[in-house]
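Asks: Pasting in a structure now, in structure tokens, and then I'll have a few things to ask.
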Amino acid sequence: MKTGFALAIATFFAVTQPHAVHSADATLDPQEIIISAEGHELSEFQWVKRPVVVFANSPADPRFVEQMQLINERLEVLNDRDVVVITDTDPAARSAIRTQLRARDFMIVLLSKEGTVVLRKPTPWDVRELSRSIDKLPLRQQEIRDRRDVLRR
């Protein structure tokens, strides 16, 4: 009897757990976080989002592919930090964002909510490294303190 009950409980958790993980992922739409640079300007995001801009000369660039895989694996972490990922893989289009940041070849650029460039990297960066850089920003520190104060009440 005990074995049957334990088996039933184990089966219940095995069946419901993947669904719970999937439903958490389903609430986060990558199209809301990852956008094309075409038709956008950095001023749209000032005080609202922290842009992470990924430049490449082609969508087939291995560094671009790797960076986007790293980002897609941890979208929820970036969403928690009010990040918008802006991609630009067409240098010939000369988007306003590419022109403003003077991008060449592959580059990843992190901007603060204030609109200042926090870092530029010529190689793909893990989301953990990006989130650490974001968490050191003064405005992000204030957001963390404010959230902590709300939870204490």
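Asks: Which helices (runs of 4 or more DSSP H) does the range 24-128 wholly contain that include 2 or more residues that are at pLDDT below 95 and under 15 Å from the mean Cα position of the chain (by Cα)?
Replies: Helices (runs of 4 or more DSSP H) meeting the threshold: 30-33.
Asks: A follow-up question, please. Is the range 130-146 home to any residue that is surrounded by fewer than 13 Cβ atoms within 10 Å (Cβ to Cβ), over 19 Å from Gln46 (Cα atoms) and more than 18 Å from the chain's Cα centre (by Cα)?
Replies: yes
Asks: Can you work out which of the residues in the range 79-88 that are out of contact with any Lys or Arg (no Cβ under 8 Å at 6 or more places or on another chain) and surrounded by 19 or more Cβ atoms within 10 Å (Cβ to Cβ) is nearest to Glu41 (Cα to Cα)?
Replies: Per the criteria, the residue is Ile86.
Asks: Moving on to the next point. Quick one: would you say Glu76 is farther than 27 Å from Ile144 by Cα, surrounded by fewer than 20 Cβ atoms within 10 Å (Cβ to Cβ) and of a type in the set (Asp, Glu)? Walk me through how you get there before you give the answer.
Replies: Details: farther than 27 Å from Ile144 by Cα: no; surrounded by fewer than 20 Cβ atoms within 10 Å (Cβ to Cβ): yes; of a type in the set (Asp, Glu): yes.
No, not satisfied.
Asks: Also, quick follow-up: Go through (1) surrounded by 15 or more Cβ atoms within 10 Å (Cβ to Cβ); (2) in contact (Cβ under 8 Å) with a residue 60 or more places away in the chain; (3) not hydrophobic (A, V, I, L, M, F, W, C) one by one and return the number of the condition Thr123 breaks.
Replies: For Thr123, the failing item is (1).
Asks: Quick check: anything in the range 63-70 in contact with a helix residue (DSSP H, G or I) (Cβ under 9 Å, 6 or more places away or on another chain) and surrounded by fewer than 20 Cβ atoms within 10 Å (Cβ to Cβ)?
Replies: Yes, the range 63-70 contains a residue that is in contact with a helix residue (DSSP H, G or I) (Cβ under 9 Å, 6 or more places away or on another chain) and surrounded by fewer than 20 Cβ atoms within 10 Å (Cβ to Cβ).
Asks: Determine the pairs where a residue that is in contact (Cβ under 8 Å) with a residue 24 or more places away in the chain, located within the range 47-67, has a partner that is assigned to a loop (DSSP other than H, G, I, E, B) and among the hydroxyl-bearing types (Ser, Thr, Tyr) with Cβ atoms under 7 Å apart, the partner being 6 or more residues away or on another chain.
Replies: Arg50/Ser112; Ala56/Thr89; Ser58/Thr89; Pro59/Thr89; Arg63/Thr123; Phe64/Thr89
The values are calculated or read from the model by the stated rules, or taken from the named source; none is laboratory data. Since this is a predicted model, take the numbers as computed values, not measurements. All Cβ positions, glycine included, derive from the backbone under ideal geometry; neighbour counts span all protein chains shown.
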